[in-house]
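Written out below as structure tokens is the structure these notes cover.
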Amino acid sequence: MPFDTSRISRRGLLQLGGSVALLLTTGACAAGSKSGPKSGASAGPAASTLRIAVSSYLSSWDQDFVGFDLTALMMFKNVYPYMIDYGVTTAGDSQILDTQNITPTFAESFEPDASQQVWTLKLRKGVKFASGNEMKADDVKWSKDRAFAAAANVAGIYRTIGLTKPEQVVVKDDYTVEFHQEFPSALTRQIQAISLYVFDSVEAKKHATAADPWAKEWFAKNAPTGGYFNVAKATQGQEIELSANTGYPGPDPAKTPTIRISVVPAAANQRLQLQAGDIDIALGITGQDLQDLKKADGIKVLSAASNDQVAIQMSVTTAPFDDVNVRKALAYAVPYEQIIKNVYGGDARPTKSIVPLDMPGYSEAGYPYTYDLDKAKAALAAAGKPSVSSELVFEAGNDEQQKIAVQVQSEAAKAGITLKLAPLDPATLGERRTKKSIPLQITTGQLWVNDVEYMLATSFVKGAALNYSNYTNPEIEDIYTKSHTTVDDAARKQLWARVQEILAADVPWAIICQPNFNLPVRENVSGWVQPMDGLARLRYLSATA
């Protein structure tokens, strides 16, 4: 899981991994959870099986080594036992994961001492993997030792909370583990929510060898067990069957007993299958198909508040955007309301900060730019440049980005900014981003940790993996360093207020909007919870038969 580069460029939840559709068959009633999301479905017997169609089989079952395979990452969230996870809250009419409410699931508790440097994880007794082995502290220790040895996903993200070596993870007894951080961090709960998954170490050691002490080869091909669901069977390249884990001890157990995930390479049939009632949920449908489905009988299109951001990143080290007044000119030339109306059909939220909506510390003072051609021309004049030109890069084949590019090109020209549209294929786009040779580019994506410190780490400090603007500011660097050990909520919000003042003045991005996530479903489907980390929790989904 690419925790240290966690803004995934995509519009739909799993588009990067390919089109995804959820299919449903009916049967006997399934038990539901009183504390889960609102139902929204009509009364009646529940379906016993959900069928999920994906365009490709997951690349590996080993979460410690999987990167940008979003189908696999979604699967892992449902079949690995995570000790803690997000709760559920509302955003308008949407049910979303609550990043401010991280609660124990397989664990009994996860709490800090007074210094907030030592965090104690207490496991529930009697919880078992599908093998029959009881989940114990030694499994947690082995799993985190493995993560440090892998020097990949978890090891990378643990550095942000001061965990850098195996010796900092200490077994106290069979059901108690301590994490000794180098410093206190306000990010600990969120980082552990995406990192604190556990392997069945007793089973794993049976498959370890001197050459492969962490059973990497075995885990790549064999599914883990013990999560919200167990993997009942898996046929490489074809189908995966999940069974609700009846031994799950935490809140909100799975509402549907069986989920079948079938590999269906072609996404073109999703709309027809949805309209025919052959599938009940289709992920990955956008554009005109989505608009047409809003009018189709027996189908509803859910609109869920999302932290997906659409922005134009300006390289502050590349002419003409190395001049802050030129950056301001572009920010004033973007037709924000027009894009929300024409590209997203009004189904997007306007934003007034580079800090995402729904993120703690968000301030409407963070982005004071609105569409105003007179101000755009004045900003160019202040730069001493009555006109400038640049290429505007976007993802080839991305219809939404292309429409945005065309509208920005048209309006910017009226202010004296000539833009040459440059759609790039993924390989070329990645190569040019690595070389830092893109003056102006459209980006879309979301952060997997809902905190400004993490946003800075990924996008706005020197060396950040997603800092396509090549942006640095000494005060931002100081604030970022200070934020590592600032745990008081009020003090952190003061830091974030200053961050937004600086970004508003430096304007490395033109922030356009946050599109809602659209999900076309049959009318009998309920329980969708928008995953703010981009990875669906299948346990909430249900439908009437």
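What follows draws every value from the coordinates through simple rules; no lab data is involved. Remember, predicted model here, so these are calculated numbers, not experimental data. Neighbour counts run over all protein chains shown; Cβ positions are idealised from the backbone, glycine included.
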So, relative contact order of the chain in percent, Cα under 8 Å, 6 or more apart, is 23 percent
Short to long, in 20 Å steps from zero, the percent of alpha-carbon pairs of the chain per bin is 21, 53, 24, 1
Here the gain from full extension of residue 276 to residue 131, 0.36 nm per residue of separation minus their alpha-carbon distance, amounts to 48.2 nm
For residue 136, the aspartates and glutamates lying under 19 Å Cα to Cα, once residues fewer than eight places off in the same chain are dropped, come out as 85, 108, 111, 145, 167, 173, 174, 178, 200, 203
Computed, not fitted: 222 nm per-residue ellipticity of the chain from DSSP H runs ≥ 4 (each -39500 (n - 2.57)), nearest 500, equal to -8000 deg cm²/dmol
The alpha-carbon center of segment 363-383 and that of segment 484-502 are separated, in whole Å, by 26 Å
per DSSP, antiparallel bridges as share of beta bridges in the chain, % nearest 5, sits at 80 percent
Residue span residue 109 to residue 317: 0.36 nm per residue of separation minus Cα-Cα distance leaves a gain in nm of 70.1 nm
Diffing segment 433-447: the Karplus 3J(HN,Hα) column from phi (6.51, -1.76, 1.60, θ = phi - 60°), in whole Hz with x for Gly and Pro, holds 5, 4, 7, 6, 10, 10, x, 8, 8, 8, 10, 9, x, 9, 8
Calc'd 3J(HN,Hα), segment 414-423, phi into Karplus 6.51 cos²θ - 1.76 cosθ + 1.60 (θ = phi - 60°), Hz, glycine/Pro = x, comes to 5, 9, x, 10, 8, 10, 9, 6, 9, x
Measuring from its Cα centre, segment 309-515 shows a charge dipole (+1 at each Lys and Arg Cβ, -1 at each Asp and Glu Cβ) which, in debye to the nearest 20, is 460 debye
Whole-Å distance linking the alpha carbon centroid of segment 47-88 with that of segment 453-469 is 27 Å
The pairs in 77/436; 77/172; 77/125 lying past 29 Å Cα-Cα in this model are 77/436
One would report the Cα pair-distance distribution of segment 101-146, bin width 10 Å, in %, as 23, 49, 24, 4
Amide H neighbours of residue 96 at under 5 Å, excluding residues fewer than 5 places away on the same chain, with H built from the backbone geometry, are 89, 90, 91, 530
Rounded to one decimal in nm, the spacing of the 7 Å Cα→Cβ label points at residue 56 and residue 246 is 3.7 nm
Output ordering of 128-139, 48-59, 109-120 (per-residue mean of other Cβ within 10 Å, highest first) is 48-59, 128-139, 109-120
As straight-line cross-link partners of residue 377, the qualifying lysines (C-alpha separation under 26 Å, not fewer than 8 residues apart within one chain) are 328, 341, 352, 385, 403, 414, 420
In whole Hz, the Karplus estimates of ³J(HN,Hα) for segment 514-524 (6.51, -1.76, 1.60; θ = phi - 60°; x where Gly or Pro) are 10, x, 6, 8, 9, 9, x, 9, 5, 5, 8
A correct Kirkwood calculation over the Cα atoms of segment 309-515 returns a hydrodynamic radius in Å of 17.2 Å
Sorted by chain and then number, the residues having a modelled amide H within less than 5 Å of the amide H of residue 513, at least 5 places away or on another chain, are 310
